[in-house]
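So the structure is just underneath, and the comments pick up after that.
Only the coordinates and a few stated rules stand behind these numbers; no lab work does. The structure displayed is predicted, hence computed values, not measured ones. Glycine gets a Cβ as well: all are built from the backbone with ideal geometry, and neighbour counts include every protein chain shown.
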Amino acid sequence: MSSEIELDDLSSPPKQEDESLSGGVTPPKDDQVVTVWAWVSSILLLTLEWIGEPTTPLEAFLALHTGILLIAIALAIVFNVPSAPVTTPSTDQVAQGHPLLAPLSGACILIAFLSYNTTSVGSLAFLLFLGSATVGLWGLWR
């Protein structure tokens, strides 16, 4: 009993449609879409920090530290967008960690330093210092 199954050749790039069939409009490449998304989301994250004026020391404290994290995430988004075609990694390269590891570790170290030197919000500053210092030092260790 013989069954005939036809398989697609996945080793070659996909065939492009004729421009006359698609109306002459070519869709943007995936890299361009990801780049535009990264810049738009980064700008949105950076503008969220400047929306309102804090009125209490607690609001100012939380706005500052949330803003630092938003800036770190925005930088991670922009710097991790592929700008060139992905190449195969060579065996000489050191294995990289998660794309958010370095920006968030640095942001947590900065937050720990600022929290340790803040007295206006009581023990919340010390608790935030302990948590962010742990995350930041763990990220530096990794």
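Data for the structure
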item	result
Phi-based couplings in Hz for the range 103-109 (Karplus 6.51, -1.76, 1.60; Gly and Pro marked x)	x, 6, 5, x, 5, 5, 5
Cβ-based exposure ranking for Glu53, Glu6, Glu59, in which fewest neighbours within 10 Å come first	Glu6, Glu53, Glu59
Leu101-Asp8 FRET efficiency (beta carbon distance; Förster radius 41 Å; 0.05 resolution)	0.60
